[in-house]
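No lab work stands behind these numbers, since they all come straight from the coordinates. Every value quoted in this text rests on a predicted model; they were computed, and no experiment measured them. Positions of Cβ are backbone-derived with ideal geometry, glycine not excepted, and every protein chain shown enters the neighbour counts.
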Amino acid sequence: MPRSALRVTAALLVALALLAGCSSGGGGHGDDGAAKGRRPSGTHVTIRVPADAPTISAAVSLARPGDLVLVAAGVYHESVRIGTAHVTLRGESRQKVVIDGRLRQPNGVVVAAPGVAVENLTVENNTQNGVLVTGSAAAVAGLPGQSGGYDTGDEPVHFLKSFLVSYVTATRNGLYGIYAFSAQNGVIEHSYASGGADSGIYVGQCKPCGIVVRDNVAELNAVGYEGTNASGDMYVVGNRLAGNRVGLTTDSDHQEKLLPQRGAVIAGNLIADNQQPRTPEQADGGWGIGVGVDGGSGNRFVHNRITGNADAGFVITATADLPPDGNQITENTFSANGVDVGWTFPNATQGKGNCLRGNVLHTTAPARIAATASCPVRADSATPSGSWTRPQAPSGIPFTDVAAPGPQPQFPNATTTGATLVPAVPALPDTAHVPLPSPSLLATGARVRTS
């Protein structure tokens, strides 16, 4: 069917559904089953907001798998829940299509069905998350546990399978900018996150994850990227994690399921100048840290540029009773950090089998670990503990006061490209060919300039 005919079909579907809603007293959205039944089998349409439907939520409620919901410029005061699989939600303009929670709703966009793509728009001023992708009913219901995690008790873990978040700006949100929880086989790419009171980008409770976080900018957050209990085929590649309080953490946490965290790959990222005072205060008080491994194990850190972090470039420590074991730090470049690599175990729990190889670094705590813990090491080799002088963290600011982002790159041909086909399993990167990033990685559109 020609695209013009599909366009007319979409308008007709919406008109019929709205008429049905008015006649039934359904508040304007109505029961669209009859209208959907009039569509020829196997066809996909573009539903435009506000031309075909007055709100994004109304358009999403009419969408079938394979449809595109295309949103015109405007500020939309709504929380959008996508419960139909393989729907694409896309803004015509990344800067001008704004879903604004006005601090009255927990989430801007909730993805609760597989194969959904969210593209080319801005989400801001939500009390919890800008974009939430999840298979957890508790998370969809907006029931946060401590530290923004979701404790679902004894219930089994339900994963949302496959998703895409691309060219999204998430700013000034009360927990996370972009949050994938209890989700698998997805990609977060080409996005910008700032003003996250907990983290700009967060992946939690997945095993195996099958998730790629790539080519994003996270700045002016408490933490740029956080991966909690995110294990197996978990890739964080080619991102700019600069100008936060803490650049990146990968950790184990008893407040979420699927302990312990294990098996992430962190490659080719710029992790720089993470000591910005005009940021929300990190829950655990972290400041001036590039990378923190807190009870995470079996992770690989390769070809990252870690520079200008006032406390430490790379910290390994334990979470309560969960030791960090078998982490490999190889072929990274460190410079101008308080201490380049610091391993510290102030309590009884201590890691084993952590090692370094081929890095450009200058200072470590304890001293000489580059030689004494050179990869490979025995798995049962005790990781030594050191200490160093740590700077005092300044007070944070409310997430609502974080500086507004500048213009960001647009989704190519947003108004003429059809719906995005989200693969069931994303292609995983070959990190052997991921280069060391330049100090200017993804600098266009970033507010924080690295030294």
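For region 324-426, take N as its residue count and report Rg(C-alpha) divided by 2.2 N^0.38 Å.
1.67
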Seminar exercise, completed: Plugging the Cβ-Cβ distance of Ser395 and Arg64 into 1/(1 + (r/R0)^6) at R0 = 56 Å yields, to the nearest 0.05, a FRET efficiency of 0.65
Exercise. Of the trypsin sites (Lys or Arg not before Pro) in region 326-425, which ones lie in a loop per DSSP and count no more than 15 other C-beta atoms within 10 Å?
Worked result: Arg368, Arg378
Exercise. Over all pairs of distinct alpha carbons, what does the Kirkwood formula give as the hydrodynamic radius of the chain, in Å?
Worked result: 22.2
Exercise. How far, in nm, would the chain grow between Thr43 and Ala283 when pulled straight, counting 0.36 nm per residue and subtracting the alpha carbon separation?
Worked result: 81.5 nm
Exercise. Give me the log10 of I(q) over I(0) for region 279-390 at q = 0.10, 0.15, 0.18, 0.24 Å⁻¹, as the Debye formula computes it from C-alpha points; what are the numbers?
Worked result: -0.25, -0.57, -0.84, -1.51
Problem set entry | Residue-averaged [θ]222 nm for the chain, counting only DSSP H segments that reach four residues, each worth -39500 (n - 2.57) | -2500 deg cm²/dmol
Exercise. Per 10 Å bin, what percent of the C-alpha pairs of region 167-292 does each bin hold, from zero upward?
Worked result: 17, 50, 32, 2
Problem set entry | Radius of gyration, Dmax [region 56-171; alpha carbons; angstrom] | 13.7, 44
Problem set entry | Relative contact order (%) - region 114-236, alpha-carbon pairs under 8 angstrom, separation at least six | 24
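Arranged by the count of other C-beta atoms within 10 angstrom, fewest first, what order do His254, His303, His433 take?
Numbers: His254 15, His303 22, His433 9.
Ordered from fewest to most neighbouring Cβ atoms within 10 Å, His254, His303, His433 come out as His433, His254, His303.
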Exercise. How large is Rg over Rh for region 39-111, taking Rg from the Cα atoms and Rh as the Kirkwood inverse mean of 1/r across Cα pairs?
Worked result: 0.97
Exercise. So how compact is region 166-220: Cα radius of gyration and Dmax in angstrom?
Worked result: 10.7, 30
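Relative contact order of region 245-348: what whole-number percent is it, with Cα pairs under 8 angstrom and at least 6 residues apart? Please report the intermediate quantities before stating the final value.
Working: 273 pairs, mean separation 29.5, N = 104.
Once divided by the residue count of region 245-348, the mean separation gives 28 percent.
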Seminar exercise, completed: Each label sits 7 Å from Cα toward the beta-carbon; between Leu428 and Val157 the label points are separated, in nm, by 1.5
Exercise. Got the relative contact order for the chain handy, in percent, Cα pairs under 8 Å and 6 or more residues apart?
Worked result: 11
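Over region 238-336, what portion of Cα pair distances is larger than 20 Å, expressed as a whole percent?
Details: 1743 of 4851 pairs.
Tail of the P(r) past 20 Å holds 36 percent of the pairs.
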For this session: Net charge near Gly74: determine it from the other residues with C-beta under 15 Å of the C-beta of Gly74, scoring Lys and Arg +1 and Asp and Glu -1.
Result: 0
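Going by average Cβ neighbours within 10 Å, how do the peptides 222-235, 61-74 rank, with the highest at the top? All intermediate terms of the calculation are to be shown ahead of the outcome.
On the way: 222-235: 26.1, 61-74: 21.1.
Final packing ranking: 222-235, 61-74.
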Problem set entry | Cα-based helix-to-principal-axis angle, 3-24 vs the chain, degrees rounded to 10 | 80
